[in-house]
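Contents: one structure, followed by commentary.
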Amino acid sequence: MLRPGLRQGQKVFIPAGSGGIGTFAIQLARHLGAQVGTTVSAGNVELVRSLGADEVVDYRNEAFEKVLRGYDAVLGTVRGDAIAKSVDILHPGGTIVSLVGPLDPAFARARGLNFVLRWVFGWMSRKIVRLARRRQVDYSFLFVRPDGKQLGEIGELLESGRIRPVIDQVFPFEQAREALDYLALGRARGKVVVRIR
């Protein structure tokens, strides 16, 4: 959430707001003072509103790209064409930061990867980069890495109750396969936890 540089009053779109990433990202964006738009099924509207979502689109009945407008940032959390569609909801100068890809040449450069990989990542991201440029929007891929300082700040937010974890189910370690099967259904509300003794 820090990469887009969200400021008080800006608008951020976080698709799949009832999922593991979405439930956390909505609360973090609200903590930073942003207004939040998201997509969920009708059964999860109240959940995401309770977390702080301002605009909620039932993705089964409406296309978010036809409803939402004037956003400053998008956090790409859903594979498929959602990232490309989100270009249309951003105003010029907006930002898309994707956690799911496609990888881009800037990602390769930042890691000192060779020319061939830079070219491959450029080819992989060519469609979204072209769409983004056309709308005067910035696109980047974010490879999540551990950051002790950020994790400490998040820990404080959790301890103070300003952000609350949303846990769907807890599986014992022996049922890790079942936990993965459950996740694959795509219906989890919040995080699915595997408890290690």
The stretch 56-73, residues that are part of a strand (DSSP E or B) and either buried (at least 17 other Cβ atoms within 10 Å of the Cβ) or in contact (Cβ under 8 Å) with a residue 24 or more places away in the chain (or both): VAL56, VAL57, TYR71, ASP72, ALA73
Hey, does the stretch 12-32 have a residue that's buried (at least 22 other Cβ atoms within 10 Å of the Cβ), in contact with a Gly (Cβ under 6 Å, 6 or more places away or on another chain), within 16 Å of GLY186 (Cα to Cα) and not hydrophobic (A, V, I, L, M, F, W, C)? yes
One residue is enough: does the stretch 28-37 have a residue meeting the conditions touching a Ser or Thr at 6+ places or on another chain (Cβ under 8 Å), part of a helix (DSSP H, G or I), touching a residue at least 60 places away in the same chain (Cβ under 8 Å) and within 19 Å of VAL166 (Cα to Cα)? no
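Which strands (runs of 3 or more DSSP E) does the stretch 74-183 wholly contain that include 3 or more residues that are surrounded by fewer than 19 Cβ atoms within 10 Å (Cβ to Cβ) and hydrophobic (A, V, I, L, M, F, W, C)?
The strands (runs of 3 or more DSSP E) meeting that bar are 167-172.
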Residues of the stretch 38-55 classified as buried (at least 22 other Cβ atoms within 10 Å of the Cβ) and not in a helix (DSSP H, G or I), total: 4
Looking across the stretch 47-81 at residues that are among the small types (Gly, Ala, Ser) and out of contact with any strand residue (DSSP E or B) (no Cβ under 7 Å at 6 or more places or on another chain), the single one that is farthest from LYS191 (Cα to Cα) is ALA63
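Considering only the stretch 74-85, how many residues are touching a residue at least 24 places away in the same chain (Cβ under 8 Å) and either more than 11 Å from PHE13 (Cα to Cα) or out of contact with any Phe, Trp or Tyr (no Cβ under 6 Å at 6 or more places or on another chain) (or both)?
The qualifying residues number 7.
No value in this document is a laboratory result; all are computed from the given coordinates. On a predicted model such as this, the values are computed, not experimentally measured, just so you know. Neighbour counts are summed over all protein chains in view; Cβ atoms, including those assigned to glycine, are modelled from backbone coordinates with ideal geometry.
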